[in-house]
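The values are calculated or read from the model by the stated rules, or taken from the named source; none is laboratory data. Predicted, not measured: the structure shown is a model, and the values here were computed from it. Here the Cβ is made from the backbone with ideal geometry for all residues, glycine too, and neighbour counts use every protein chain on show. When the accessible area is computed, the model is the full protein with side chains, heavy atoms only, and any ligands, DNA or RNA have been set aside. Shrake-Rupley method; radii C 1.70, N 1.55, O 1.52, S 1.80 Å.
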Amino acid sequence: MAEKLAIVTGASSGIGLELARCAAGDGYDLVIAANEPMHEAVAELGIEGITVTPVECDLATFEGVDQLIAACGDRVPDIVCANAGNAMGGAFLDVEVGDWTYSINTNITGTLYLLQNVVRGMVKRDRGKVLITGSIAGYIPGPFNAVYNATKAFIDNFADALRNELKESDVTLTLLMPGATDTEFFARAEMEDTGLGQNAKADPAKVAQDGWKAVQAGRDRIVSGLFNKAQVAAAGVTPAPVMAEIHRHLAEPKE
């Protein structure tokens, strides 16, 4: 058993798995969570001297998050990487209620419930690090992925607010904001036939490394990738209707 413990959600693949690799490489025990089996992830993360505890649970529910927290036993994590996310592309009026509420519950409700419970322990101990995976999508109105972009706007804003609340403690909070990344996101969101799904994407390992370095340094936020930094800058001066039209061309399903 290692001295340090990390929680990583959404760790079955993509950015989450890469964050777990970063943690394992730095000698953290791991509690990793996803809503699907993680046999391959556990095998890849098995490094001598650390323990890897996989928790297959539904992070959109309080019960699922409680299951994850219980897996930590009496240990307060040294770092929590709140990375789990869900999206469903298509016109909002055509998306099933169960699909868009599941996205909100995964991206917002489950994430906040996890953070509230874990960060309380960190503050009581007066030590800990938090990494939240937001997105540059939070700066962009997202036609044909409207709920996802809106949830990331919430998360980006929430992270900045919570960081301020924690400033009197030795608990740091870092917001990781990637752009389009080469993960299973677009297949799961049924957006592979869109411009976003077909355009070049960032390497999830590079995104995770950017986030890991930033959280270890106690930085407030990191936008991963020069192009994404430019997009955030452009979003700050471009009218919302223009940004929405640009996103529409990238996200609207092809006929």
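What number of residues within region 69-101 are more than 15 Å from the chain's Cα centre (by Cα) and farther than 18 Å from A24 by Cβ?
The total comes to 19.
From the list V80, V31, which residue is open to solvent by less than 10 Å² (accessible area, probe 1.4 Å), out of contact with any Phe, Trp or Tyr (no Cβ under 8 Å at 6 or more places or on another chain) and within 24 Å of A137 (Cα to Cα)?
V80
Out of F144, F154, I need the residue that is within 23 Å of D210 (Cβ to Cβ) and either surrounded by fewer than 22 Cβ atoms within 10 Å (Cβ to Cβ) or more than 12 Å from the chain's Cα centre (by Cα) (or both). Which one?
F154
Only one of (1) under 24 Å from C22 (Cβ atoms); (2) touching a residue at least 60 places away in the same chain (Cβ under 8 Å); (3) open to solvent by less than 20 Å² (accessible area, probe 1.4 Å); (4) out of contact with any Lys or Arg (no Cβ under 6 Å at 6 or more places or on another chain) is not met by V65, so which one is it?
Among (1) under 24 Å from C22 (Cβ atoms); (2) touching a residue at least 60 places away in the same chain (Cβ under 8 Å); (3) open to solvent by less than 20 Å² (accessible area, probe 1.4 Å); (4) out of contact with any Lys or Arg (no Cβ under 6 Å at 6 or more places or on another chain), V65 violates only (2).
What is the residue count in region 198-240 for residues that are open to solvent by 70 Å² or more (accessible area, probe 1.4 Å), in a helix (DSSP H, G or I) and in contact (Cβ under 8 Å) with a residue 24 or more places away in the chain?
Residues that pass the stated criteria total 2.
Just wondering, is there one or more residues in region 174-194 that are surrounded by fewer than 22 Cβ atoms within 10 Å (Cβ to Cβ), farther than 17 Å from G10 by Cβ and either in contact with a Leu (Cβ under 9 Å, 6 or more places away or on another chain) or modelled with pLDDT of 95 or more (or both)?
yes
Could you grab the pairs with beta carbons closer than 8 Å, sequence gap of 6+ or different chains, first residue in region 87-105 and open to solvent by less than 60 Å² (accessible area, probe 1.4 Å), second one acidic (D, E)?
M88/D99; M88/E190; G89/E190; G90/E190
Kindly provide the set of residues from region 73-123 that are farther than 16 Å from L162 by Cβ and among the charged types (D, E, K, R), ordered by number.
Result: D74, R75, D78, D94, E96, D99.
Specify the residue that is nearest to V76 (Cα to Cα); the eligible residues are those in region 120-135 that are aliphatic (A, V, I, L, M) and either touching a residue at least 60 places away in the same chain (Cβ under 8 Å) or open to solvent by 10 Å² or more (accessible area, probe 1.4 Å) (or both).
The extreme case among them is V123.
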